[in-house]
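Below is one structure, written out as structure tokens, with a few remarks after it.
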Amino acid sequence: MSIIEQVHQRFRGGLALPKHKELTRGKPILEAPIPPELIIPLRQHVGESAAVTVHVGQYVRRGEQIGRATDFLSAAVHASSSGRIIAIEDRVTPHPSGRKEPCVVIATDGEDASQGLPPWPNFHSLEHSTLRNRLRQCGVVGLGGAAFPTAAKLTYSPRRSIHTLILNAVECEPYLTCDESLLLERPQEILNGLEIMRHILQVPTAVIAIGENMSASLASLKEAIDAFSSQHVRIVVVPSLYPAGSEHQLVQMITGQEVPSGGLPSDLGVVTQNVATAAAVYRAVILGEPLTSRVVTITGQGITQPHNLRVRIGTPIQYLLDFCGGAVGSNHLVIMGGPMMGFALPNVASPVVKATNCLLMPGADELPGRGAAQPCIRCGFCVDACPVGLLPQQLYWHARANDLEAVQEHHLFDCIECGCCATVCPSQIPLVQYYRQAKREVAVHEQRREQATLARERYEHRLTRLGQQADTNLSQLTRLAASALDSPGDDFDFSADELQTAEITVKQAAIQAALDRVQAKKQATLSSPANDGNDGESS
Amino acid sequence: MSILIAILLLALLAAAAAGGLAMATSSQSRDKAILTQQVDAVLPQTQCTRCGFSGCLPYAKAIVEGLADINRCPPGGEATIAELALLLGKPVKPLALDCLPMAPGVAGIIEELCIGCARCIKVCPVDAIIGAPRQMHTVIKSACTGCELCLPVCPTDCIVMYTAPLLTTLQPGQSASTISAGLSP
């Protein structure tokens, strides 16, 4: 039986796009130099931000943890070279809005001293949970662009049996060759990583999905599999149609089943992982190296020397562009990700993060121009192009009308934001932007409603409690009055009024004393310079 | 004969109309309860009392009874007024001038200054402040609606409103939990 197969089924829609991969294809992966300053964001993954475990002035080595994972969907972050921490502050991160997020800034010393975890070459004898913990400790996240923590993706309840592990090497986005170059140069690492993930999931077979135009990588991979003598790995060649590398479309092509609306591939017993993630898993488990670098494609006609670089996480993007010879002419547009799903970076001072797979600097006329959006003419091209089977124009109308119910009825949340609809739109309407905005609106609306429901419940509970309290007070008073009438010959002959006045006087004195103490404390705080905040050893 | 039929028909019609009216009056109170619920669902549940009523539900009741206008909810703002107008078939109006505006936020207690008087606990409409007499109090930030009712009753002015993250830059030696304890805007 041949280990190379064709797909069972194609997905609907999709586009045959010009690939532009020749700019970097076949070029060796170069090691990017250590920048003088590394800016490492604490949140580089989908979940909660990592919690800082270091302080300013501390010396760290490469691979040393600087932030620990805070919950299931969080991931640890590590120093990517040795040096001293000069600041823990908000810096611009690669985000469409250029927003600032907490980052650890390291001034590197150039020595690149490292500190790893013990290597585990014999992973077969280890428990799955031990291996998952190692991946969590090493901060391994999906390197295909979504940055979903790998340990979380490899955790499944025993009720859902996983039968297929798909390794995604399709790289359908134009321009990107980072996964392809990794397949050419490090197929062994990828296969080892695949074996580890197969062991964790206890999956009998693994499938490597590869694009049909990646012949060199295919040959290298096949050779490696032969040398590896693994009986459990198949290669499936998928058509070079965008978005063939998208998780749900890939699962559909390989299993012949569509992922249900709102579901996950695991509902079909499938888990997908990216090839670069497999290599990172290999490094984390067998070498004991946390995820501190990744391969980034720097390409486009707007950059002097396109390259595939192994880049340390936290390297400023400007530094990498300079390393590649800088921009051609007066071009300043930098897109993170590919031309379809990427976004223009508002600031090149932002660092490379775990999700950065590509930095694209297009030449003057390289990308199809986006003129002003014209009115929708209901041509229906977007419906034919949508790989999910949605109705993009209906979604567009409802999103424009801010009709949050209607967009959800039209399955807005099944949109994978691939951009096919916007690409074919003759009116050049930026459709995906409308969908992203609508998704955000829905999320905000849901959150507000949840908060309001919580507040209403707490308010009603309080009213009930106050009502009950009033009832008990009343019954207590009645009892007291009754007992007072029963025993007239008591020693205490204060009247109720006198008792109340005495009580109030004591209480008022106590409050006045407390107020005086606070006043004194306030004075002390104001006059002392210790509260200044910047007098520590923050230099 | 035809006159008799006409009288009979008219009498039947009148009886039917009377029955309908009687049913309408009895269901009116039920309709009002449902409408009150719908209005209450639109209100932001801040319970800030800036509308002049003791909470969101009393305000909703007043709107349904025709005792209050729909433009008296500062935290809900234009969006809430528009939703209420749509629900009740009334024209959209600007916010009433006598309802003081309010910035979204969450209350926090400056711990050094709190004397444990428990006054803020008594006024909090959603029981979002915990503490006991002569013990330091604290705010459950996930439950706080930012109504600011606790501010005026505090004798030491130790309650402040936060709109932005508490702390974004760590000082040397500070624990890492400070960042994660920061409030999201």
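Every number in this text was worked out from the coordinates using simple rules, so none of it is lab data. Please read these numbers as outputs of a predicted model, since none were measured by experiment. Neighbour counts are summed over all protein chains in view; Cβ atoms, including those assigned to glycine, are modelled from backbone coordinates with ideal geometry.
Remarks
- Comparing B:V39, B:V92, B:V64 in a Gaussian network model of chain B (Cα springs below 10 Å), the most mobile by mean-square fluctuation is B:V92.
- For chain B, built as a Gaussian network whose Cα springs stay under 10 Å, the top-fluctuating residue of B:G89, B:G116, B:G108: B:G89
- Placing dummy labels 7 Å off each Cα toward the beta-carbon, the span from A:A344 to A:L126 is 4.5 nm.
- Here the range A:275-398 yields Rg over Rh of 1.09, to two decimals, using C-alpha coordinates and the Kirkwood radius.
- Likely footprinting exposure, A:V104, A:V237, fewest C-beta neighbours within 10 Å first: A:V237, A:V104
- Here's how it looks for A:C358: its modeled amide H is under 5 Å from those of A:T297, A:G337, which are all 5 or more places away or on a different chain.
- Each listed q (0.14, 0.29, 0.30 Å⁻¹) maps to a log10 I(q)/I(0) for the range A:27-77, found by the Debye formula over equal Cα scatterers with no solvent: -0.47, -1.12, -1.16.
- A Förster distance of 25 Å, applied to the separation of the beta-carbon atoms of A:H332 and A:E22, puts the FRET efficiency at 0.55.
- Chain B: Cα Rg divided by the 2.2 N^0.38 Å rule of thumb: 1.61
- DSSP beta bridges confined to the protein assembly as shown are antiparallel in about 60 percent of cases.
- For A:T272, the residues whose amide H sits under 5 Å from its own are A:I166, ignoring neighbours fewer than 5 places away on the same chain, with H placed 1.01 Å from N.
- Vicinal HN-Hα couplings computed from phi for the range A:184-190 (Karplus, 6.51 cos²θ - 1.76 cosθ + 1.60; Hz; Gly/Pro x): 5, 9, 10, x, 4, 4, 5
- Shown in residue order for the range A:21-30 are the 3J(HN,Hα) couplings computed by the Karplus curve 6.51 cos²θ - 1.76 cosθ + 1.60 at θ = phi - 60°: 7, 5, 4, 10, 5, x, 6, x, 6, 8 Hz (x for Gly and Pro).
- Residue with peak Gaussian network fluctuation, chain B [Cα springs, cutoff 10 Å], from B:A17, B:A103, B:A128: B:A17
- Based on the reciprocal of the average 1/r between different C-alpha atoms, the Kirkwood radius for the range A:378-418 equals 10.3 Å.
- Remark: the range A:65-71, residue by residue, has Karplus-estimated 3J(HN,Hα) of 6, 10, x, 9, 5, 9, 8 Hz, where x stands for each Gly or Pro and the curve is 6.51 cos²θ - 1.76 cosθ + 1.60 at θ = phi - 60°.
- Rounded to 10°, Cα long-axis angle of helix A:128-137 versus longest principal axis of chain A: 80 degrees
- Using alpha-carbon coordinates, inclination of helix A:215-228 to the longest axis of chain A, degrees: 80 degrees
- Secondary-structure-derived ellipticity at 222 nm for chain A, considering helices only, amounts to -11000 deg cm²/dmol, per-run term -39500 (n - 2.57) for DSSP H runs with n ≥ 4.
- In chain B, helices alone account for a calculated mean residue ellipticity at 222 nm of -13000 deg cm²/dmol, with every DSSP H run of four or more residues adding -39,500 (n - 2.57).
- A crude spin-label estimate for the pair A:E212 and A:H411, with each label 7 Å from Cα along the Cβ direction, gives 2.5 nm.
- Residues whose amide H comes within less than 5 Å of that of A:V328, counting only those at least five positions distant or on another chain, are A:I303, A:T304 (H built at 1.01 Å from N in the peptide plane).
- When the alpha carbon gyration tensor of the range B:2-88 is reduced to an equivalent ellipsoid, its three semi-axes come out at 43, 12, 9 angstrom, largest first.
- Isotropically averaged projected area of the protein assembly as shown, using the convex hull of Cα atoms (one quarter of hull area), nm²: 52.1 nm²
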